[in-house]
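The block underneath contains the structure these notes are about, expressed in structure tokens.
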Amino acid sequence: MERKPPPRPTSPLQSPGAQRPRVAPEPPLLTDALDADGIPVLSDVLEPGVLPPKPAAAPSTERRSNDELRNAAELVFQEVLDEYLPRIEDEIRKRLRQRMSTLIRAGKS
């Protein structure tokens, strides 16, 4: 059985004129959208606005959650140390033995 290759879709690069209607018109320039009265200048006097007061968070709740986060972080840190310390100790012992044997060989020469 002979198979025919699937038809290739036309590439937009082959016919850029055909893609023109699909492209949105260019947006207006920023200078067209602004008028001179809408731009503040340094000589304008601005009155500071009054911000609404922030609701006071319960300090005990905030402090408690902060303490819980610190305790959880400390536990995670301790678990990581417990996991990696044996590997680190083994690597240090290995390097010290290599260094010691190198020094002993150099001393015999």
Point to revise | Dimensions (Å) - region 60-109, Cα atoms, principal axes, largest first | key: 70, 15, 5
Point to revise | Inter-probe distance in nm under a simple model that places probes 7 Å from Cα toward Cβ, at Lys54 and Arg93 | key: 5.3
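Every number here is computed from the coordinates shown, using simple stated rules; none is lab data. Remember, predicted model here, so these are calculated numbers, not experimental data. Glycine also receives a Cβ, built like all others from the backbone with ideal geometry; neighbour counts cover every protein chain displayed.
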